[in-house]
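One structure is given here, and the rest of the page talks about it.
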Amino acid sequence: MPAQATVPLEKAKKREPQSRSIREALGIAYFRIGRWEEAEGEFRALVELAPADEFAHYALGRALVNQGRRKEATPHIKIARSLRPRASTDGDSLD
C-alpha cells in the first residue's frame, strides 16, 4: 500500500511543494517501504519548512539511522526530544 501511495503524493508535491502535510505523508510512505534516501529528503524538506516540528526532526533522525548514519542523526533526535511536549506534574497549571 505505501508504495502505491507514493505516486499520488509525488504528483501532489509537484503541485504544492511547500505543503508540510504532503511532504510528511510522502516521507512516511517512503520510510515504510524502506526507501531511506527519499524519506530523508522529504523529512529534510519538512525540517526546513518547520524547524520546530518535533516529528520532522525525529523522522529525519530515524531515516538517517536506517542508512547507518547514526552520528548525523543524533542532533535531530536530540532536537526532537527537546521539542516533545511534556506532561505537567501538577495538573494544568501554567506556573
So, over other residues within a Cβ distance under 14 Å of R23, counting Lys, Arg +1 and Asp, Glu -1, the net charge is -2
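Among F55, F31, which comes first, second and so on when ranked by fewest other beta-carbon atoms within 10 Å?
Working: F55 17, F31 20.
So the ranking, lowest neighbour count to highest, is F55, F31.
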Along principal axes, largest first, the alpha-carbon spread of the chain in whole Å comes out as 47, 30, 24
In nm, spacing of pseudo-spin labels at K78 and K11 (7 Å Cα→C-beta vector):
4.3
Longest principal axis of the chain (C-alpha) makes with the long axis of helix 20-32 (C-alpha) an angle, in degrees to the nearest 10, of 70
Measure nothing fancy, just the Cα-based angle from helix 36-49's long axis to the longest principal axis of the chain, in degrees from 0 to 90, nearest 10.
50
Cα-centred dipole magnitude for segment 2-83, charges only on beta-carbon of K, R (+1) and D, E (-1), debye, nearest 20
120
Pseudo-spin-label distance R70 to A50, built 7 Å along Cα→Cβ, given in nm, is 2.9
Which angle between 0 and 90 degrees, to the nearest 10, do you get for helix 70-83 versus the longest principal axis of the chain when only C-alpha atoms count?
50
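Each value in this text was obtained by applying a stated rule to the coordinates, not by laboratory testing. On a predicted model such as this, the values are computed, not experimentally measured, just so you know. Cβ: placed from backbone, ideal geometry, glycine included. Neighbour counts: every protein chain shown.
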